[in-house]
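No lab work stands behind these numbers, since they all come straight from the coordinates. Computed from a prediction, not measured in an experiment: that's the story for all the values here. Don't worry about glycine lacking a Cβ; one is built from the backbone with ideal geometry, like all the others, and counts go over all protein chains shown.
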Ligand code: MG
């Protein structure tokens with residue numbers, strides 16, 4: 001019997017409105033996916049849609065309906081199932097929906113094997129890097145409050161890409177001496193990015209993420225050639241096939257399940273990026289601990305993690321991997337190791 005599929009929309013609220021260069025919100029609709037086998041065992045996944053990548057909770061539900069008939073009877077048929085999903089829908093606008101199914105299949109397969117997914121993959125969870133914690137765009141006063149609340153986290157990621165970036169950096173630096181990473185979410189021009197670089201270095205920034213719009217790889221290459229800071233691309237790099245192109249322009253990539261659409265594709269991205277000698281980072285959307293735990297299983301393989309999505313929410317319905325004090329801790333239970341709070 002094929003696996004049965006149930007999908008439920010969950011509303012996540014963030015503690016503060018989460019604002020980046022493209023705008024923001026404090027209310028996020030994600031989709032909790034459950035696959036059940038004929039023995040009643042369940043595999044769970046979460047779709048974290050982003051309008052920027054053409055998805056909403058409603059399109060996710062519609063995509064899941066179209067993929068329902070392609071669910072395998074055997075959850076270990078991961079490669080076949082994922083390529084069938086890709087073939088049925090537009091891969092560019094279904095990443096979050098396909099990722100939820102991929103994660104649920106992996107959860108179920110690992111539960112059947114009686115092993116945590118990270119152990120099934122042969123990984124050492126002690127190798128997970130510490131996660132950064134993101135400070136979204138806000139007034140100086142609120143930013144100072146957020147930095148105080150982020151006290152347990154050793155690395156901060158600062159959202160930039162505005163016309164008051166220097167003020168933001170000054171506010172942050174005056175409030176903390178923690179290592180900083182910045183993400184402009186494509187919000188700078190070439191001139192602005194090149195002018196910002198020395199300032200970023202002055203403020204002790206470790207690397208800069210997506211300085212320019214995703215298609216401007218030539219501009220991103222120019223920012224990198226300036227040689228001031230390593231450049232990581234996020235919006236410019238969706239799947240492994242993008243990597244040979246972006247490798248000429250950037251030092252690293254930021255992988256997200258909602259973009260690449262599957263855990264197996266995320267593993268291919270890590271392998272491909274390593275072949276080009278690139279730095280690898282794993283990131284997230286605003287997600288519950290279910291989505292974060294899936295991404296966290298990749299972290300023993302990467303250099304940097306930004307898995308604060310659940311920590312930014314006020315009503316996380318799940319318990320799984322934790323990032324207490326920035327240290328990512330993968331669970332001991334079979335599968336993803338996620339349960340309801
Ligand atoms: Mg980013």
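General remarks:
- Largest-first principal axis extents, alpha carbons of the stretch 109-246, Å: 52, 39, 22
- Look at the alpha carbon pairs under 8 Å that are at least 6 residues apart: their mean separation over the length of the chain gives a relative contact order of 20 percent.
- Kirkwood hydrodynamic radius computed over the stretch 243-282 comes to 10.0 Å, based on all pairs of distinct alpha carbons.
- Shape parameters for the chain, alpha-carbon atoms, Rg then Dmax in Å: 19.3, 61
- When the helices of the chain are scored as -39500 (n - 2.57) per DSSP H run of n ≥ 4 and the total is divided over every residue, the value at 222 nm lands at -10000 deg cm²/dmol.
- Rounded FRET efficiency, nearest 0.05, which uses the C-beta distance separating residue 124 from residue 9 and R0 of 22 Å: 0.05
- Compactness of the stretch 248-341 - radius of gyration and Dmax, Cα, Å: 13.4, 44
- Ranking of 10, 238 by neighbouring Cβ atoms within 10 Å, starting from the fewest: 10, 238.
- The slack between residue 177 and residue 245, meaning 0.36 nm per residue of separation minus the straight C-alpha distance, is 20.9 nm.
- Cα centroid separation, the stretch 242-290 to the stretch 142-165 (Å): 24
- Centre-to-centre, using Cα atoms only, the stretch 202-238 and the stretch 1-71 are separated by 30 Å.
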